[in-house]
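Encoded as structure tokens, the structure appears first; notes follow it.
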Amino acid sequence: MIIHGTKDRTVNTIGSTDLYLKLKECGKEASYILIKGADHGGGEFTSPAVLKELDAFIKHVLA
């Protein structure tokens with residue numbers, strides 16, 4: 001699971017997008033969430049909505 005803020009000033013979203021696409025191309029389970037307005041880390045990454053997505057992804061992969 002890749003989670004990236006759209007306002008990240010440390011790592012460009014292009015790298016995360018490329019990684020996600022490559023994982024999918026290789027047949028791997030992958031999920032990509034862009035958090036609108038988020039920088040590199042912060043409270044947005046532990047919001048209830050993001051944690052719900054993370055929980056669902058982990059349950060899916062481990063099923």
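For Asp8, the shell of other residues with beta-carbons less than 12 Å away shows a net charge of +1, using +1 for Lys and Arg and -1 for Asp and Glu. Relative contact order for the chain: 41 percent, from Cα pairs under 8 Å spaced at least 6 residues apart, divided by residue count.
Expressed as a whole percent, the accessible surface of the chain that belongs to carbon and sulfur atoms is 59, based on a 1.4 Å probe. Would you please classify the overall shape of the chain from the alpha carbon gyration tensor, given that a ≥ b ≥ c denote the square roots of the eigenvalues, rounded means a/c under 1.5, and beyond that prolate means a/b larger than b/c while oblate covers the rest? Since a/c reaches 1.5 but b/c is at least a/b, the shape of the chain is classed as oblate. In sequence order, region 17-34 has phi-based couplings of 5, 4, 4, 4, 4, 5, 4, 5, 4, 8, x, 8, 5, 8, 9, 9, 10, 9 Hz under the Karplus curve 6.51 cos²θ - 1.76 cosθ + 1.60, θ = phi - 60°, and Gly or Pro positions carry x.
With θ taken as phi - 60° and the Karplus curve 6.51 cos²θ - 1.76 cosθ + 1.60 applied, the whole-hertz 3J(HN,Hα) list for region 51-57 is 4, 5, 5, 4, 4, 5, 5 Hz, x standing for glycine and proline.
Once the Cα-Cα distance is subtracted from the 0.36 nm per residue extended length, the Thr17 to Lys36 segment shows a gain of 5.4 nm. Once backbone amide H atoms are built at 1.01 Å from N, Ile33 has Ile2, Ile3, His4 as its partners under 5 Å, excluding neighbours fewer than 5 places away on the same chain. For region 48-63, backbone nitrogen atoms closer than 18 Å to the point 7 Å from Glu29 Cα along Cα-to-C-beta are found at 51-63.
Heavy atoms of the protein chains alone define the surface here; on that basis the chain has 73 Å² accessible area per residue at 1.4 Å probe size.
The values are calculated or read from the model by the stated rules, or taken from the named source; none is laboratory data. Predicted model only: the values in this text are computed from it and were never measured. Glycine also receives a Cβ, built like all others from the backbone with ideal geometry; neighbour counts cover every protein chain displayed. These accessible areas exclude ligands, DNA and RNA; they are computed on the full protein's heavy atoms, side chains included. Shrake-Rupley method; radii C 1.70, N 1.55, O 1.52, S 1.80 Å.
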